[in-house]
Amino acid sequence: MEKVQGGAMGGVDELYREVILDHFKAPKNRGELDNANAKAEGLNPLCGDQMTMAVFIDGGAIKDIRFDGHGCAISQSAASMLTALVKGRKLSDVLGLTSTYKKMFGINDGVKAEFVFDDLGDLISLEGVKKYPARIKCALLSANTLLESIADFEKKGA
C-alpha cells in the first residue's frame, strides 16, 4: 500500500491548491462589462485586495458578470470561481449560494439557503482558508462585493 505524502488529505489539499492557482492564473469573467446595470467596489484594507464587480441583471437573473481588481491569489481566484458559479442564475439562488459559501467559513448571515457545500463548485476548494482567520476576508471579498452590487441594483429599482 502506497503512503500518501502529508496524510490521507494531502492529495485533496494539493488538488484544491491547484484549482485555486488555476483560477488565479487564468481567471474566468475578468474584465469590464459595458452593459452592467449593477456595480460595486470592495476593499480588504488588511491585505490590500481591491475588487470591482459589474453585473448585468435581467429578468431576475444574472445574465453576465465581470470582476476586476488586484489582490492575493485567494481573493482573485474566489472572484473567478464565484462569477462562474452565479452567471445565469436567479438572484434568489445567488443569495442562497453566497449564504452557503459564508456558512462554509462559519459565518451565519441569517439567509435560509437550500444549498449545501457540494453546490459551491470550485469554491469548495477555499474551505481550508478557514484555518487562517485573517484570510477569510480575502475569500469573502468577491461574495460581499457581489451582494453589494445586487443591493445597488435593487436600490435603483431596475
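The values are calculated or read from the model by the stated rules, or taken from the named source; none is laboratory data. Just so it is clear, the structure is predicted and the values come from calculations on it, not from any experiment. Cβ coordinates were reconstructed from backbone atoms using ideal geometry, including for glycine residues, and neighbour counts include every protein chain displayed.
What is the number of the single condition among (1) in a helix (DSSP H, G or I); (2) without any contact (Cβ under 8 Å) to a residue 60 or more places away in the chain; (3) hydrophobic (A, V, I, L, M, F, W, C) that I107 does not meet?
(1)
Could you please find all residues in the stretch 104-155 being modelled with pLDDT of 90 or more and at positive phi?
Answer for the stretch 104-155, where residues must be modelled with pLDDT of 90 or more and at positive phi: G106, G121.
Which residue is nearest to N144 (Cα to Cα), if the candidates are limited to the stretch 26-55 and must be of a type outside the set (A, V, I, L, M) and in contact with a Leu (Cβ under 7 Å, 6 or more places away or on another chain)?
Step one: list which residues in the stretch 26-55 are of a type outside the set (A, V, I, L, M), which gives 27-32, 34-35, 37, 39, 41-42, 44-45, 47-50, 52.
Still in the running and in contact with a Leu (Cβ under 7 Å, 6 or more places away or on another chain): 42, 44, 49-50.
Values: G42: 8, N44: 11, D49: 13, Q50: 12 Å.
In this case the residue turns out to be G42.
Taking the stretch 116-158 on its own, how many of its residues are assigned to a loop (DSSP other than H, G, I, E, B) and more than 24 Å from R17 (Cα to Cα)?
Summing the residues that are assigned to a loop (DSSP other than H, G, I, E, B) and more than 24 Å from R17 (Cα to Cα) in the stretch 116-158 gives 2.
Hey, among the residues in the stretch 113-158 that are over 18 Å from D64 (Cα atoms) and among the aromatic types (F, W, Y), which one's nearest to the chain's Cα centre (by Cα)?
Applying the filter and picking the extreme gives F117.
I'd like the residue in the stretch 7-33 that is hydrophobic (A, V, I, L, M, F, W, C) and modelled with pLDDT under 85 and, out of all such residues, is farthest from I74 (Cα to Cα).
A8
Do any residues in the stretch 43-60 that are closer than 21 Å to C72 by Cβ and modelled with pLDDT of 95 or more have Cβ atoms under 7 Å from those of residues that are of a type in the set (F, W, Y) and part of a strand (DSSP E or B), where the two are at least six apart or on different chains, and which pairs are they?
Correct list of pairs: M51/F67; T52/F67; M53/F67.
Any idea which of (1) within 23 Å of F153 (Cα to Cα); (2) without any contact (Cβ under 8 Å) to a residue 60 or more places away in the chain; (3) not in a helix (DSSP H, G or I) is the one D93 doesn't satisfy?
(3)
Going through A73, A79 one at a time, which residue ends up being surrounded by fewer than 16 Cβ atoms within 10 Å (Cβ to Cβ), among the small types (G, A, S) and under 15 Å from C138 (Cα atoms)?
One residue alone meets the criteria, A73.
Only residues that are outside any strand (DSSP E or B), surrounded by fewer than 19 Cβ atoms within 10 Å (Cβ to Cβ) and not aliphatic (A, V, I, L, M): list them for the stretch 29-55, please.
G31, E32, D34, N35, N37, P45, C47, G48
Tally up the residues in the stretch 56-76 that are in a strand (DSSP E or B), in contact with a strand residue (DSSP E or B) (Cβ under 7 Å, 6 or more places away or on another chain) and over 14 Å from N144 (Cβ atoms), please. Before you say what the answer is, go through the steps one by one.
In the first step, residues of the stretch 56-76 are kept if they are in a strand (DSSP E or B); the result is 56-58, 61-70.
Then drop every residue that is not in contact with a strand residue (DSSP E or B) (Cβ under 7 Å, 6 or more places away or on another chain), which leaves 56-57, 61-70.
Adding the requirement that they be over 14 Å from N144 (Cβ atoms) leaves 56-57, 61-66, 68, 70.
The number of residues fulfilling the criteria is 10.
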